[in-house]
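Enquirer: Sharing a structure here in structure tokens format.
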Amino acid sequence: MAVPFLDLKAQYLQIKNEVKPEIEDVLETCYYVLGPKVKNFEEKFAELCGVKHCVALSSGTAAVHGMIWATELPAGSGIITPPNTFTATAEGIVLAGHVPVFVDADPVTWNLSAEKTEEFLKSCSSTGKPIDPKTGVEIKGIVAVDLYGQAANYQALEEIARRYGLYLYEDAAQSHDGSRFGRKTGSFGDVASFSFYPGKNMGAYGEGGAITTDNDEIAARMRTLRDHGSQEKYFYNFIGHNYRMSAFQGAVLGVKTKHIHTWNSNRIKVAERYRSLMSELPVELPVTAENTRHVFHLFALHTPKRDKLREFLAARQIGAGLHYPEPLHTQKAYRYLGYSSGDFPVCEKNAKQNITLPMFPELTEKQQDEVVSAVEEFFRKG
């Protein structure tokens, strides 16, 4: 039996009777950009995240760029982030005029290591300011990533950021409706970014993104940035961007906001069943940190036999992914930063050994049994 990596149609069939009238309303009102559908979504999503502001944007990349730009750091500042992430994280730092400074991940959660961040900042603060010895830039911020759907160690990272006077940014592209110690993702640090790419836990029917924050000034700057630097039509405060969300995406996301908690609860049940069924296999299974609602955007195994396992699953028409197959510090686009293979061993292990199995709220037990049976067969054959 073939098992898809992701089944967007299954989710659409559940909510099409809610989505279609919303889409038709956009067509009837002809309010296609921003407008009441986007405003309604912003209000609902801010409430979901437990913050004052949500600013809806055109993509997750726009959100990463925008949240960093909106904090108005000095040009060319260094911003710490892990290299085992999608390029948009580091790309957003560069687009905002700054320099990615990579720090290794935690070997259990695969998120940015608070301990290694602290060690790095101590090692480069001999002058009283944290200066990156490789690039010579002064560190001004930290972008943590909620990889695979699990919130980073924000309790520790917020304390580190406070002591060193740094901005803390949350890349929550994979963790909609997650939480850690009772706080929702999207509420950590100074500002957070989200992606609503279709494959995300809460995906639009196209591109979409948002920032969330309790900071009034950051929210106001972001609302102006997304509309060409304009607060009043045809009058411009600064050079901005066209990062406005389509009303169609606002309409879809307004519906999905009502369902995301239930969908994530289903993902957690799927993940728990995977872990139970594969507990005796020679693989590293995902670990959920204490007091964390890990929403399993992805279910990532780690094994040195990753490539052969992926080929084995593909031959049986079982979808599997690699998230991500090469860390950013060894990729061509970031070679100018001067990093080398071996600089970040945890992130490099993550890249070489991760394989992500089918994971979506509608995954049936029969489909899951098929996946697990194939993985068991692979290791049984050696």
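The values are calculated or read from the model by the stated rules, or taken from the named source; none is laboratory data. These numbers come from a predicted model, not from an experiment. Neighbour counts are summed over all protein chains in view; Cβ atoms, including those assigned to glycine, are modelled from backbone coordinates with ideal geometry.
Enquirer: Hey, can you tell me all the residues within the range 131-147 that are touching a helix residue (DSSP H, G or I) at 6+ places or on another chain (Cβ under 8 Å), assigned to a loop (DSSP other than H, G, I, E, B) and either under 26 Å from A63 (Cα atoms) or of a type in the set (F, W, Y) (or both)?
Expert: T135
Enquirer: If you don't mind, another one. Could you tell me which residue of the range 302-345 is farthest from T117 (Cα to Cα), considering only residues that are surrounded by 15 or more Cβ atoms within 10 Å (Cβ to Cβ) and more than 24 Å from the chain's Cα centre (by Cα)?
Expert: R316
Enquirer: Right, next: Pairs under 9 Å by beta carbon, first residue among the acidic types (D, E) in the range 369-382, partner not in a loop (DSSP other than H, G, I, E, B), six or more apart or different chains?
Expert: Close Cβ pairs (under 9 Å, with a partner that is not in a loop (DSSP other than H, G, I, E, B)) amount to D369/L277; E370/V3; E370/I318; E376/L277; E377/F312.
Enquirer: Could you tell me whether A151 is within 22 Å of the chain's Cα centre (by Cα) and either in a loop (DSSP other than H, G, I, E, B) or among the polar types (S, T, N, Q) (or both)?
Expert: Values: within 22 Å of the chain's Cα centre (by Cα): yes; either in a loop (DSSP other than H, G, I, E, B) or among the polar types (S, T, N, Q) (or both): yes.
So A151 fits the description; yes.
Enquirer: Tell me, which residue of the range 97-127 that is surrounded by fewer than 17 Cβ atoms within 10 Å (Cβ to Cβ) and outside any loop (DSSP other than H, G, I, E, B) is nearest to the chain's Cα centre (by Cα)? Even if it seems obvious, please write down each step before you answer.
Expert: Step one: of the range 97-127, the residues surrounded by fewer than 17 Cβ atoms within 10 Å (Cβ to Cβ) are 97, 107-108, 115, 119, 122-123, 125-127.
Filter once more, so that each one left must be outside any loop (DSSP other than H, G, I, E, B): 115, 119, 122-123.
Values: E115: 21, E119: 25, K122: 27, S123: 28 Å.
Applying the filter and picking the extreme gives E115.
Enquirer: So how many residues does the range 302-336 have that are touching a Pro at 6+ places or on another chain (Cβ under 8 Å), within 19 Å of A271 (Cα to Cα) and aliphatic (A, V, I, L, M)?
Expert: Number of matching residues: 2.
Enquirer: A further question on this structure: In the range 31-69, what residues are in a helix (DSSP H, G or I) and hydroxyl-bearing (S, T, Y)?
Expert: Filtering the range 31-69 for residues in a helix (DSSP H, G or I) gives 35-49, 60-69.
Result: T61, single match.
Enquirer: When you check P74 against the structure, is it touching a helix residue (DSSP H, G or I) at 6+ places or on another chain (Cβ under 9 Å), touching a residue at least 12 places away in the same chain (Cβ under 8 Å) and of a type outside the set (G, A, S), yes or no? Write out each step before concluding.
Expert: Values: touching a helix residue (DSSP H, G or I) at 6+ places or on another chain (Cβ under 9 Å): no; touching a residue at least 12 places away in the same chain (Cβ under 8 Å): yes; of a type outside the set (G, A, S): yes.
Judged against the criteria, P74 is not a match.
Enquirer: From the list A2, A63, A10, which one is surrounded by 18 or more Cβ atoms within 10 Å (Cβ to Cβ) and at pLDDT 95 or above?
Expert: Values: A2 fails: surrounded by 18 or more Cβ atoms within 10 Å (Cβ to Cβ); A10 fails: surrounded by 18 or more Cβ atoms within 10 Å (Cβ to Cβ).
That would be A63, the only listed residue that is surrounded by 18 or more Cβ atoms within 10 Å (Cβ to Cβ) and at pLDDT 95 or above.
Enquirer: Next up: Considering only the range 7-29, how many residues are closer than 30 Å to I318 by Cβ and not β-branched (V, I, T)?
Expert: Step one: filter the range 7-29 for residues closer than 30 Å to I318 by Cβ, giving 7-16, 19.
Right, trim to not β-branched (V, I, T) and you get 7-14, 16.
Here the count works out to 9.
Enquirer: Suppose the filter is modelled with pLDDT of 95 or more, among the acidic types (D, E) and outside any loop (DSSP other than H, G, I, E, B); does E362 pass it?
Expert: Criteria not met by E362.
Enquirer: For A88, all conditions in the list (1) closer than 20 Å to Y324 by Cβ; (2) not hydroxyl-bearing (S, T, Y); (3) not in a helix (DSSP H, G or I) hold save one; what is the number of the exception?
Expert: Checking A88 against (1) closer than 20 Å to Y324 by Cβ; (2) not hydroxyl-bearing (S, T, Y); (3) not in a helix (DSSP H, G or I), the one that fails is (3).
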